[in-house]
Amino acid sequence: MRPRKALTIGIDIDGTVTDPGSIVPLMNEAFGKNLSYADCTDYNLASVYNISDEQFLSWLDEYGSRLYREAPVHGNADEILRCWHREGQHRLVYISAREEKHLNVTLEWFKRNRIPYHEIDLIGSHDKLQAAQKWRVDLFLEDRLENALQLSAELQIPVFLFDTPYNQGALPPLVRRIYSWQEVHEAIHAFR
């Protein structure tokens, strides 16, 4: 039997490793709304909350650390990631739009939730193409549709897109909609 190939997996953090609905209660609190996660049908939360992009960025600047500190783990992501790391199956490279100033709170969250990593790259932008190239990822786990489409088209790699209300739409062959971390685990096991 041929040995399985170890993969370098690019992994988004927010909405992928963290619960995608975790931002909603904080935004409701700040903007006096009562929206549900299901109401968030646009990735641009400024549009969903009927605020300006500047207001959203100001909110994120003020509340980002709290959001990143308090966000719950998405499903059993922690268990799956520990399994991959423990068995030495994959290189885990987290590539996030978070800004570098949030590195300490990010590292604390990973430590508290016992989530393993090889690299954490906070790029401060949604354009993850250069970082994915730099780390030579074999596949990517993502929740943002635009990222999934760009990464699959430009790098010709598979992208597993976690299903959310804000990422609906047609998908090309290299992008697969995923509904749970267990499904990701099984799909990646089959991929190797």
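The values are calculated or read from the model by the stated rules, or taken from the named source; none is laboratory data. The model shown is predicted, which means the values in this text are computed figures rather than measured ones. As a convention, Cβ positions derive from the backbone with ideal geometry for all residues, glycine included, and neighbour counts pool all protein chains shown.
Across segment 32-47, which residue is surrounded by the most Cβ atoms within 10 Å (Cβ to Cβ) among those that are assigned to a helix (DSSP H, G or I) and without any contact (Cβ under 8 Å) to a residue 24 or more places away in the chain? Here the residue is Leu45.
Elements of the type strands (runs of 3 or more DSSP E) sitting completely within segment 101-185 and holding at least 2 residues that are in contact (Cβ under 8 Å) with a residue 60 or more places away in the chain and touching a strand residue (DSSP E or B) at 6+ places or on another chain (Cβ under 8 Å): these cover 139-142.
Give the residue, chosen from Leu81, Leu92, Leu103, that is touching a His at 6+ places or on another chain (Cβ under 8 Å) and of a type outside the set (Asp, Glu).
Of the residues listed, the single one that is touching a His at 6+ places or on another chain (Cβ under 8 Å) and of a type outside the set (Asp, Glu) is Leu92.
Step by step: first the residues of segment 14-51, then only those that are touching a Leu at 6+ places or on another chain (Cβ under 8 Å) and of a type in the set (Ser, Thr, Tyr), then the one that is farthest from Leu92 (Cα to Cα). Which residue is that? Of everything passing the filter in segment 14-51, Tyr49 is farthest from Leu92 (Cα to Cα). Return the only residue of His185, His126 being at pLDDT below 95, under 30 Å from Asp39 (Cβ atoms) and within 13 Å of the chain's Cα centre (by Cα). From the options His185, His126, the qualifying one is His126.
When we screen Arg136, Arg112, Arg98 for residues that are of a type in the set (Lys, Arg) and under 16 Å from Ala6 (Cβ atoms), the only hit is Arg136. Evaluated against (1) outside any helix (DSSP H, G or I); (2) of a type outside the set (Val, Ile, Thr); (3) in the same structural domain as Glu146 (by TED's automatic domain parsing), Asp78 falls short on exactly one condition, (1).
For segment 159-176, the count of residues that are of a type in the set (Gly, Ala, Ser), over 19 Å from Ser65 (Cβ atoms) and surrounded by 15 or more Cβ atoms within 10 Å (Cβ to Cβ) is zero.
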